[in-house]
Each structure stands twice: as structure tokens, then as C-alpha cells.
Amino acid sequence: MPSAVTALLEASAVEETTGVVAWGERVPLDASGIYLVSRSKDPNDLKALEAAPVSLARCQELLDARSELRLDGERPDAKLLRERITAFWLPDEPVLYIGLAGTSVAERVKDYYRTPLGARRPHSGGWFLKALDILPKLWVHYAGCKNPADAEEAALEAFAANVDQETKALLHDSEQVMPFANLEYPKGTRKDHGVKGAREPKPKTDPTKAPVAIPAAPAAPEPQAAQQAEEVVPHLKTQRVTAADIKRGRSASRSKARRSSHPSQNQSSLSFGARRSSAAGVLARDAPVSSASAGRS
């Protein structure tokens, strides 16, 4: 037996008050919960819609947006793409999509509204819905709950259990049964629709390349540490040169540098001085003794 919105909400055991807005209108529930997109405003309506309202123009729009789109490995035209999407239509089921919001139903549904065909973000799940030409005529039923994942799972399980066997047999994939626009349930199990590349590719990352670490700039030394460094390495101090030094054309540091840069010359000067002292001593020793000195001897 087909599932009305009311039956699915009861199966999900939602705790908060439910409501409904037309497609495109803001959902007044800024809290966690679930939402169901239906063909009817009435949550108890079970009217069938035999012909699948899949738009040929919308299918072409998707093909134009995604040049990499493939159907069973081949590039389709809009007609073939429409036929494949149509093959998942459940004519006697008013609920077309069931979703959840972990923080805000209002924001999640808003993201669903504004995600165009072919885009990946902000909410590309259930993109089959965007291929319908009755999109402005749809309704969004919502309900708040503390555990939206459990509530969504319960609603999807109830939907699959109640699908008519004849309807199920007509589906392109009669094994993975879920509302028309739901493409994955449970997580990791997808409808076998054969469409690849219908959404913008995920950004490519190379797992073998680790991010390059940028070394931090060394911290400035503390004043005390800087003073200690100067005491430990005194020869690294610079000498202050005054304007008077520059005018005279010399500085103490240059003189020191010239002396230190020619050690052999310094050593020669020292040797020459030593030889002069030694020679003076010899002359003094060999000189004639004075008369005063001779009298004393």
C-alpha cells in the first residue's frame, strides 16, 4: 500500500509539531529534524500520478553543465537520460524525497532549493527531483526531532516496506527501493541508475604529498639574553665611529684591523727592538771604565 506523509512521520516517531510549506518557501524550523517532499499539501493524500513529469529541457540542462556525464558508460542525449530517470518513478507514491537535517531543517532545505543541477554543493543529494517540471508545485513537510538520522531511517524503511509489488517490478532497480529522488540508502548502498558524473567532481588531493611545514621565524631574544650573549662573545661588538673620526679619515677599529691583518710586520718590529736593546747592552759592557770607577776598584 502506498505511504502518505502522515504514515511515514508516524513510523519515524517524530516528537515535535509538523508543518508544511510550498516548494521554495522557508521552513520555519531552525532545529534538527526530517523533511519529506511530496506532490501534495495534504499529508494524507494518496492520489497517483501515472506519467512521470521528467523534463527534457532539464535533462539537457544537466548535460550542458556536466560534459563528463555518462549513462552506462556512454555519453547520452537528453532523451535517453530522461528515459532512465523516468524508470525510477513510482506513480502511486506521493512522497518523492525524504531527508534529514542535523542542526537546522530551515538551512538544509534552503540549501536543497538553491543547488542547481550538476552542482555538488551545498546540497546535491536527491538531484532527480530537480529534473521534474512540476518542481514549483511540490510541498515540503517537516518535523523536528532529536535523532534525525534514526527518524529518517525509520521513514525510509517504512516506505520501502509498503511499496506495491507491481510498482516495484516496474522500477529499473527493483532491489534498492526508496522514494523517487533518494539515491542512496542505507549509506553506501546506491540505486543502480547507471548515471555517472552528474555532479561536479570532488577536488582531487594527493594523499602521498604531505603538506609542507613552514618553519616559524625565530623569536627575538630577551634583553637579558642579548646582554649575556654580548658578554660571552665580546669580539663581536661593533665600535662606534664619530663624525670627528670620519673627518680625520681614521678610526680605532681600522688601526686595529691593519695591525691584526699583518702579524708578520708586528713580529718584525718586536724583533728589531729586541736586537737594538741587546746591542746597547754589549756596548755598555765593553766601554772603558771611568776614573771614579777605577779608584773604587
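The values are calculated or read from the model by the stated rules, or taken from the named source; none is laboratory data. Values in this document were obtained by computation on a predicted structure and should not be read as measured data. Methodologically, a virtual Cβ is constructed for each residue, glycine included, from the backbone with ideal geometry; neighbour enumeration extends over all protein chains shown.
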Worksheet item: Where residues in the stretch 142-158 are within 12 Å of SER3 (Cβ to Cβ) and in contact with a strand residue (DSSP E or B) (Cβ under 7 Å, 6 or more places away or on another chain), which of them is surrounded by the fewest Cβ atoms within 10 Å (Cβ to Cβ)?
Response: LEU156
Worksheet item: What number goes with the only condition from (1) at pLDDT 60 or above; (2) touching a helix residue (DSSP H, G or I) at 6+ places or on another chain (Cβ under 9 Å) that THR189 does not pass?
Response: (2)
Discussion item. Going residue by residue through the stretch 94-117, is there one that turns out to be at pLDDT 95 or above, of a type in the set (Asp, Glu), surrounded by 17 or more Cβ atoms within 10 Å (Cβ to Cβ) and under 30 Å from VAL163 (Cα atoms)?
Written reply: no
Worksheet entry | Residue in the stretch 11-52 that is surrounded by the fewest Cβ atoms within 10 Å (Cβ to Cβ), counting only those that are under 20 Å from THR115 (Cβ atoms) and among the β-branched types (Val, Ile, Thr) | VAL21
Discussion item. Restricting to the stretch 163-194, give me the number of residues that are buried (at least 16 other Cβ atoms within 10 Å of the Cβ) and of a type in the set (S, T, N, Q).
Written reply: 3
Worksheet, complete the sentence: The condition from (1) over 27 Å from ALA151 (Cα atoms); (2) of a type outside the set (Val, Ile, Thr); (3) at pLDDT below 95 that ALA52 misses is numbered (3)
Item to complete: Report yes if SER67 is among the polar types (S, T, N, Q) and closer than 27 Å to GLU83 by Cα, otherwise no.
Response: yes
Item to complete: For ALA143, state whether it is out of contact with any Cys (no Cβ under 6 Å at 6 or more places or on another chain), at pLDDT 95 or above and of a type in the set (Gly, Ala, Ser).
Response: yes
Discussion item. I'd like to check something: does the stretch 55-66 contain any residue that is in contact (Cβ under 8 Å) with a residue 60 or more places away in the chain, assigned to a loop (DSSP other than H, G, I, E, B) and in contact with a Pro (Cβ under 6 Å, 6 or more places away or on another chain)?
Written reply: no
Worksheet item: Just for the stretch 1-47: of the residues that are hydrophobic (A, V, I, L, M, F, W, C) and in a strand (DSSP E or B), which one is nearest to the chain's Cα centre (by Cα)?
Response: ILE34
